[in-house]
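The values are calculated or read from the model by the stated rules, or taken from the named source; none is laboratory data. Since the model is a prediction, treat every value here as computed from it, not as a measurement. Cβ: placed from backbone, ideal geometry, glycine included. Neighbour counts: every protein chain shown.
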Amino acid sequence: MRKVSLLSLLLLVIVLVTASVALAQDQVTINVWGHGSSPAEDEALNAAIAAFEEANPDVNVELLISADYGTQLQTAFASGTYPQAFYVGQSDLANYVNAGVMAAGDDNIENPEGIYESLRNTFTLNGTLWCPAKDFSNLALEYNTDLFDAAGVDYPTADWTWDDLRAAAQALVDSGTLPEGTVPLALNAEIDRWFAFYVQAGGTFYDEEGNWVFGSEGANHDAAVQAMDVYINLHLDGLSASSSDLGQGWPGESFGQGKAAMTMEGNWIIGYLNDQFPDLNWGAVELPAGPAGEGTLTFSECWGVGAENPHPEQTWRFVNFLTGEDGAMRTASEGFGGMPPRVAAADAWVEAVGDVAPAFINGSANAVAPVTPPGFGTFRDELNSGIALAFEGTLLAEDVINQAVAVSDELANE
């Protein structure tokens, strides 16, 4: 009996070793790159990778989180040796597609119809959906309930308009209850907040064919001037201030410190306020509607797959694991950072985050990504500097737009 037992044990060892060797020979390694965001997000990504590897023993994932992500990725592209999967910001998509470093998503993406339409649009170029969003954020209007209560002003609601925003801001000032150095609204001189007003006025950067149409004539020009006029006059009339004027680094900090009764930030502010200002009493609603209706801005990154890829099947399997239905539910349950990119996970994210969550989810139907064409950094700089000068009272709204349009036209004709 002892000989039989030893023989059986020996056979078992041989089988296990053989299986292990076979697995090692069949296993492939994919390199995955991302940028550091927060310890919580990094931990969640590592946990998701561990779950993927457990479910897919034929794939080993090597993760690189880089503090200098953009530069390192560009260097890798230039060398021709770059990762199989990597973060792609919405503003980088066109550059990477035109450079030929991204594989087309299309049929490789699991159930693309389940992804929010605004996100599909964000990562579609020339009729091709290139990559699935890993998460996203929408702007909403945050408000300090204590400051509103002290002033006797009704809280913002989802059916507010520009007029309601201005009236409430003026009522906060007129109440005399705002602490010294506190303003009704924190808004910076930047395109990525003004653009929301532009969308609400009916403006667009692109037509349905994807052509750049921020021109000097027509409805887009009128919408741009109208939105800029409202945006600037909130500041000139003492109803808004930039975070730098208030002594903080960004409007979310101004809001958290009670220096602003309202601000317009994305859902990244939730974790920030919970961590840095846990005693702050606040709420959130969708952005006020303009003359053309509701509108907000969306900010997102996707999981891109490298075009020069020795393991495309395994890489797409990994990307779909993180961004498919199950992956979206994992993102929802984590309850921090970005929202899950799939409609099916919305309720789970709301349950995890709490009462302020619907304001960010509800804007998804009217969300637009403020993405300009590759090489249009000069246009963005011109518009930002023009808004800053208008905040100082040295430029009118139409001057800001006309100067930006001149730069835009020059860039478009290069």
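Give the residues of the stretch 155-169 that are farther than 17 Å from V356 by Cα and surrounded by fewer than 16 Cβ atoms within 10 Å (Cβ to Cβ), sorted by residue number.
T161, D163, D164, A167
Quick one: which helices (runs of 4 or more DSSP H) sit completely within the stretch 328-414 and have at least 1 residues that are within 26 Å of S243 (Cβ to Cβ) and in contact with an Asp or Glu (Cβ under 7 Å, 6 or more places away or on another chain)?
Working: elements: 346-353, 357-362, 377-391, 397-412.
In the stretch 328-414, 357-362, 377-391, 397-412 are the helices (runs of 4 or more DSSP H) which contain 1 or more residues that are within 26 Å of S243 (Cβ to Cβ) and in contact with an Asp or Glu (Cβ under 7 Å, 6 or more places away or on another chain).
Just need a number here: residues in the stretch 197-224 that are assigned to a loop (DSSP other than H, G, I, E, B) and hydrophobic (A, V, I, L, M, F, W, C).
Counting residues in the stretch 197-224 that are assigned to a loop (DSSP other than H, G, I, E, B) and hydrophobic (A, V, I, L, M, F, W, C) gives 4.
Note down all Cβ pairs under 8 Å where the first residue falls in the stretch 377-389 and is assigned by TED's automatic domain parsing to the domain that holds V405 and of a type in the set (G, A, S), the second is surrounded by fewer than 17 Cβ atoms within 10 Å (Cβ to Cβ) and part of a helix (DSSP H, G or I), and they're at least six residues apart or on different chains.
G386/D399; G386/Q403
Which one is surrounded by the most Cβ atoms within 10 Å (Cβ to Cβ), of the residues in the stretch 99-109 that are modelled with pLDDT of 95 or more and part of a helix (DSSP H, G or I)? Don't jump to the end; show me each part of the working.
Residues of the stretch 99-109 that are modelled with pLDDT of 95 or more, as a first pass: 99-105, 108-109.
If we keep only those that are part of a helix (DSSP H, G or I) too, we end up with 99, 108.
Details: A99: 14, N108: 20.
Of everything passing the filter in the stretch 99-109, N108 is surrounded by the most Cβ atoms within 10 Å (Cβ to Cβ).
Please name all residue pairs, on different chains or six or more residues apart, with Cβ atoms under 9 Å, provided the first residue is in the stretch 359-375 and is more than 27 Å from A412 (Cα to Cα) and at pLDDT 95 or above and the second residue is of a type in the set (D, E) and part of a strand (DSSP E or B).
Sorted first by the residue in the stretch 359-375, then by its partner, the pairs are A359/E142.
For the stretch 282-299, does any single residue satisfy the condition of being surrounded by fewer than 22 Cβ atoms within 10 Å (Cβ to Cβ) and in a helix (DSSP H, G or I)?
The answer is no; no qualifying residue exists.
Report yes if D192 is more than 16 Å from P291 (Cβ to Cβ), surrounded by fewer than 24 Cβ atoms within 10 Å (Cβ to Cβ), of a type in the set (D, E, K, R) and more than 19 Å from the chain's Cα centre (by Cα), otherwise no. Can you show your working first?
Working: more than 16 Å from P291 (Cβ to Cβ): yes; surrounded by fewer than 24 Cβ atoms within 10 Å (Cβ to Cβ): yes; of a type in the set (D, E, K, R): yes; more than 19 Å from the chain's Cα centre (by Cα): no.
Judged against the criteria, D192 is not a match.
Select from the stretch 230-265 the residues that are β-branched (V, I, T) and touching a strand residue (DSSP E or B) at 6+ places or on another chain (Cβ under 9 Å) and write down the one among them that is surrounded by the most Cβ atoms within 10 Å (Cβ to Cβ).
T263
Quick one: which of F52, F86 is in contact (Cβ under 8 Å) with a residue 60 or more places away in the chain, under 24 Å from F123 (Cβ atoms) and in a helix (DSSP H, G or I)?
On the way: F86 fails: in a helix (DSSP H, G or I).
Criteria check complete, one pass: F52.
For D347, which of the numbered conditions (1) under 16 Å from D135 (Cα atoms); (2) charged (D, E, K, R); (3) over 24 Å from the mean Cα position of the chain (by Cα) fails to hold?
(3)
With T122, T81, T145, T75 as the choices, which residue is polar (S, T, N, Q), modelled with pLDDT of 95 or more and out of contact with any strand residue (DSSP E or B) (no Cβ under 7 Å at 6 or more places or on another chain)?
Just a single option satisfies the conditions, and that option is T75.
Mind checking whether some residue in the stretch 372-386 is touching a Leu at 6+ places or on another chain (Cβ under 7 Å) and surrounded by fewer than 19 Cβ atoms within 10 Å (Cβ to Cβ)?
Applying the first criterion (touching a Leu at 6+ places or on another chain (Cβ under 7 Å)) to the stretch 372-386 yields 375-376, 378-379, 386.
Filter once more, keeping what is surrounded by fewer than 19 Cβ atoms within 10 Å (Cβ to Cβ): 375, 378.
Within the stretch 372-386, one or more residues are touching a Leu at 6+ places or on another chain (Cβ under 7 Å) and surrounded by fewer than 19 Cβ atoms within 10 Å (Cβ to Cβ).
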